[in-house]
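Student: I have a structure I would like to understand better, so I am pasting it below and will then ask my questions one at a time.
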Amino acid sequence: MKPFFSAIRLSLRYKLAIVGALACSMLIAVCWSASITTVFPVVKIVLEGQTAETWVEHEIELAKLNLTVAQTAIDELQEKIDEASGDERTVLSSAMKLKKNRAEGERKSLERYKSLKPWLQTYAPKSAFATLLWALAWLLAVTAAKGLLLVGGAIFDSRVAHGTVRDMRRIYYRKALALDQQRIDGIGTANVMTDLSFNMQMIAQGLRVFYGKCLREPLKMISCLVCAAYISLPLLMLSLVIVPAGAFVIHSVSRRMKNASMSELTGVADVYQTLMETFKAVKTVRIFNQERAERRRFKENASMLYRMSVKIALYDSLLRPVTEVLSILSISLSMMVGAYLVLNQETHLFGIQISQVPIKPTMLLVFYSMLAGAADPLRKMSEIVNAIVRANVACNNLQNKYDVKSWVTAPDPPAAVPQHSESLEIKNVTFSYWKSQEVLKNVDLKVPFGQTVAIVGGNGCGKSTLMNLIARFYDPTEGQILLDGVNIRRMSPRKLRRQIAWVTQDSVLFQGTVWDNIAYGNRDAAETEIMAAAKLARVDQYVDQLEHGFHTMVGDEGRNLSAGQRQRVALARAILADPKILILDEATSQIDGETENLIHDSLVEFIEGRTTFIVTHRHSSLRLADRVLVMDLGKIVHDSSVADATENSSQFQSLFARVA
């Protein structure tokens with residue numbers, strides 16, 4: 001349960017709420033046992049036609065009589081001991097010890113009843129019916145108080161649980177953002193969504209149970225067992241001999257529930273993955289008439305999740321009958337022993353002292369009531385196991401994925417990031433996502449500050465991977481990348497990226513307005529700067545046609561805009577960032593030729609004094625470039641001006657063969 005304890009440690013910051021939950025649980029436990037210990041004896045007294053005062057007087061007289069009888073028996077035994085010798089004397093001495101214990105017990109009972117008598121004479125009702133009304137009123141008051149405490153406890157444990165989960169969501173969201181790109185790619189978006197939603201729900205439920213039932217039910221059980229122990233500790237111990245067997249069964253079921261919960265998490269992630277893929281590409285699904293295949297895939301994933309959920313429900317349901325059967329066995333065992341002692345007025349069983357004085361039927365009834373009162377919390381504690389086990393699985397899953405050191409890190413302390421003004425150099429860089437497949441092979445490149453470099457090549461040749469390395473989303477397998485002579489591995493990735501802006505072909509937009517998405521490039525930018533960036537990217541050409549202009553909501557992933565409009569917003573965002581290194585990865589691929597030419601005209605001035613990389617398949621984008629790199633199979637196979645590549649590079653000629 002170690003992973004779940006990390007969530008508990010985090011929850012300790014909510015000290016007042018925890019104290020409130022603990023106080024409510026303790027008071028509920030007191031109310032629980034008080035209602036049982038008080039009502040049963042009082043009802044018994046009333047049914048015999050007595051009041052509390054007459055009952056205590058009767059008990060005093062009975063205790064006096066029993067004490068006299070015990071003392072007489074002691075005196076008789078003493079006379080026999082004085083006359084006996086040898087083995088007989090030893091036997092009589094043992095009997096004397098039992099009688100003295102009996103007398104001591106009767107003496108304590110007498111003192112207890114005498115101390116109780118003045119209080120009952122002053123405050124107890126004077127008639128049997130009034131005593132019954134008092135008992136019922138007490139039961140009602142205790143029950144009402146217990147109900148109010150349950151509400152208060154639920155509020156407190158909810159504050160702790162949901163407050164902790166809110167903190168954990170923030171912590172693990174931050175950790176997920178800090179992970180290197182390779183790990184994020186490996187985890188997948190669906191798994192991250194599962195971890196930060198479904199996992200967190202499981203942890204919240206576990207914490208609610210821990211600070212609710214896990215505190216309340218054991219305290220209720222302990223309060224009942226303490227009362228039962230007061231009546232007869234040996235009889236109670238005899239009743240609990242089956243507890244180890246119950247613990248073994250619960251442990252076995254919990255282990256199976258843990259495995260099922262882990263499979264359930266995988267099933268939830270698969271369902272999320274199917275939903276994301278289907279509705280993100282719903283047009284593709286429809287155009288190829290693959291609705292049936294997607295329904296079948298979703299059905300398989302949903303069915304697997306259903307089977308795991310049913311298995312968890314099965315294990316959860318097994319715990320309740322097991323605990324109930326064990327409780328009945330415990331009570332039955334104590335009933336057999338207790339009935340034997342009461343019916344025969346014995347204090348010992350097999351030579352073991354069970355009580356100092358014979359247990360009265362009323363007290364035995366209270367003892368059984370205490371065991372029954374302890375059995376109900378024990379049954380409810382079986383429900384705790386499921387929640388705690390699942391919360392532990394969820395915490396373990398989060399820790400295994402996110403409590404890891406990123407592969408893209410900086411030394412402590414990191415090197416200062418120079419304001420880029422000299423060169424960007426790639427020295428003998430090799431990179432592979434998997435050990436068996438190299439994406440880049442011994443790449444050497446030096447780009448002077450302010451130069452615009454176009455990178456062309458077929459799909460999969462390593463163009464975008466090279467840009468990923470420059471932005472330090474990944475680190476090279478071999479070699480190094482130097483910014484103004486400083487290895488970027490020695491720099492803080494966040495500070496390095498402050499000098500970089502990237503526009504991709506996908507044109508990622510966030511939920512919000514056009515204005516919000518442009519301002520994302522620089523939260524501190526003035527309105528005039530945002531408008532200037534929008535003008536450079538030619539956003540102003542279409543924004544007035546939108547319903548609310550710059551304040552039009554772009555929708556989920558920018559779906560309210562066309563692909564070309566999204567791309568211009570993404571370009572404006574990059575321009576607003578005012579980067580020293582600008583990466584345009586197919587940044588105008590969705591834009592019509594006329595608008596592209598206008599954007600290029602604007603960019604000519606903007607890219608001055610910046611190192612710019614243009615990854616493109618379009619010949620028209622090359623007019624911005626001072627230099628062109630042709631890549632093939634992870635290597636730079638040609639490096640020259642655009643004119644020279646047009647004349648002398650067969651790969652370049654093949655890529656742009658159709659260009660007039």
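Student: For q values of 0.09, 0.10, 0.12 Å⁻¹, compute log₁₀ I(q)/I(0) with the Debye formula on a Cα-only model of the chain, without solvent.
Tutor: Debye intensities relative to I(0), on a log10 scale: -0.91, -1.04, -1.31.
Student: Can you compute log10 of I(q)/I(0) for segment 58-200 with the Debye formula, treating each Cα as one identical point scatterer, at q = 0.18, 0.22 Å⁻¹?
Tutor: -1.05, -1.22
Student: If segment 68-121 were replaced by its equivalent ellipsoid, with semi-axes equal to the square roots of 5 times the Cα gyration tensor eigenvalues, what would those be, largest first, whole Å?
Tutor: 33, 9, 5
Student: Something else about it: Quick check on my link table: of Lys175/Lys311; Lys463/Lys580; Lys2/Lys220, which ones sit more than 30 Å apart, alpha carbon to alpha carbon?
Tutor: The pairs that break the limit, which is 30 Å between Cα atoms, are Lys175/Lys311.
Student: Oh, and also: Under a 5 Å amide H to amide H cut-off, with H placed in plane at 1.01 Å, what residues pair with Ile614 once short-range neighbours are removed?
Tutor: Val453, Ala454, Ile455, Leu584
Student: Determine the sum of side-chain charges near Asn191: Lys and Arg each +1, Asp and Glu each -1, restricted to other residues whose C-beta is under 12 angstrom from that of Asn191.
Tutor: Details: positive: Arg183, Lys401; negative: Asp185, Asp195, Asp270.
Its environment carries a net charge of -1.
Student: Which of the lysines could a cross-linker bridge to Lys213, judged by Cα under 17 Å and excluding same-chain residues fewer than eight apart?
Tutor: Output for Lys213: Lys146, Lys380.
Student: Hey, what's the Cα Rg ratio for segment 391-503 versus the globular rule of thumb, 2.2 N^0.38 Å?
Tutor: In units of the 2.2 N^0.38 Å rule of thumb, it is 1.23.
Student: What is the sum of charges around Thr504, taking Lys and Arg as +1, Asp and Glu as -1, for the other residues whose C-beta is under 9 Å from the C-beta of Thr504?
Tutor: Net of charged neighbours comes to -3.
Student: Next question, about the same structure. State which helices in the chain qualify, where a helix is a whole DSSP H run, it must extend 24 Å or more along its own axis by its Cα atoms, and its mean Kyte-Doolittle hydropathy must be at least -0.5. If you can, show how the numbers build up before the last one.
Tutor: Numbers: long enough: 15-47 (48 Å, 1.90); 52-83 (47 Å, -0.37); 86-123 (56 Å, -1.26); 128-178 (74 Å, 0.74); 213-239 (28 Å, 1.19); 243-280 (54 Å, 0.13); 291-344 (79 Å, 0.27); 361-402 (61 Å, 0.32).
Going by DSSP H runs, the hits are 15-47, 52-83, 128-178, 213-239, 243-280, 291-344, 361-402.
Student: A follow-up question, please. Would you kindly work out the equivalent ellipsoid of segment 496-648 from its C-alpha gyration tensor and give its semi-axes, the square roots of five times the eigenvalues, largest first in whole Å?
Tutor: Three semi-axes, in Å: 29, 16, 14.
Student: While we're here: What Kirkwood radius, in Å to one decimal, follows from the Cα pairs of segment 376-415? Each step should come with its number before you reach the end.
Tutor: Details: mean 1/r = 0.0753 Å⁻¹.
With all distinct Cα pairs of segment 376-415 included, I get 13.3 Å.
Student: Report, to two decimal places, the Cα Rg of segment 131-231 normalised by 2.2 N^0.38 Å (N = number of residues).
Tutor: Details: Rg = 21.8 Å, N = 101, 2.2 N^0.38 = 12.7 Å.
Ratio of Cα Rg to 2.2 N^0.38 Å: 1.72.
Student: Please report the relative contact order for segment 115-273, taking Cα pairs under 8 Å with a sequence separation of at least 6, and give it as a percent rounded to a whole number.
Tutor: 30
Student: Next question, about the same structure. Between the DSSP loop rule and a limit of at most 10 other Cβ atoms within 10 Å, which GluC sites (Glu not before Pro) in segment 593-660 are left?
Tutor: Glu608
Student: Search the structure for amide H atoms under 5 Å from the amide H of Thr513, placed 1.01 Å from N in the peptide plane, and list their residues when 5 or more places away or on another chain.
Tutor: Amide H neighbours of Thr513, under 5 Å, 5+ apart: Val554.
Student: Could you tell me what percent of the DSSP beta bridges with both partners in the chain are antiparallel, to the nearest 5?
Tutor: Counting DSSP beta bridges with both partners in the chain, the antiparallel share is about 55 percent.
Student: Rounded to the nearest 500, what is the chain's calculated 222 nm mean residue ellipticity when only DSSP H runs of at least 4 contribute -39500 (n - 2.57) each, over all residues?
Tutor: Details: 22 runs with 434 residues, N = 660.
Result for the chain: -22500 deg cm²/dmol, rounded to the nearest 500.
Student: Moving on. Can you give the net charge of the other residues whose Cβ lies under 11 Å from the Cβ of Leu92, counting K and R as +1 and D and E as -1?
Tutor: Neighbour charge sum, excluding Leu92 itself: -2.
Student: Then there is this: To one decimal place, what orientation-averaged projected area in nm² is obtained for the convex hull of the Cα set of segment 197-236?
Tutor: 3.1
Student: Among the lysines, select those whose C-alpha is under 17 Å from the C-alpha of Lys100, and discard any that sit fewer than 8 residues away in the same chain.
Tutor: Hits, sequence-local ones excluded: Lys64, Lys80, Lys108.
Student: Okay, moving on. At 37 °C and 0.692 mPa s, grab the translational diffusion coefficient of segment 154-204 from Stokes-Einstein with a Kirkwood Rh over Cα pairs, rounded to a whole number in µm² per second.
Tutor: It comes out at roughly 279 µm²/s.
Student: Here is a follow-up. Rule-of-thumb check for segment 427-487: C-alpha Rg over 2.2 N^0.38 Å?
Tutor: Cα Rg divided by the expected 2.2 N^0.38 Å: 1.11.
Student: Work out Dmax and Rg for segment 495-553 from the C-alpha atoms and quote the Rg first, both in angstrom.
Tutor: According to the Cα coordinates of segment 495-553, Rg and Dmax are 12.1, 38 Å.
Student: Starting from 0.36 nm per residue, how many nanometres of slack lie between Leu62 and Arg9 once their C-alpha separation is accounted for?
Tutor: Here the answer is 13.5 nm.
Each value in this text was obtained by applying a stated rule to the coordinates, not by laboratory testing. None of the values given here were measured: they were computed from a predicted structure. Don't worry about glycine lacking a Cβ; one is built from the backbone with ideal geometry, like all the others, and counts go over all protein chains shown.
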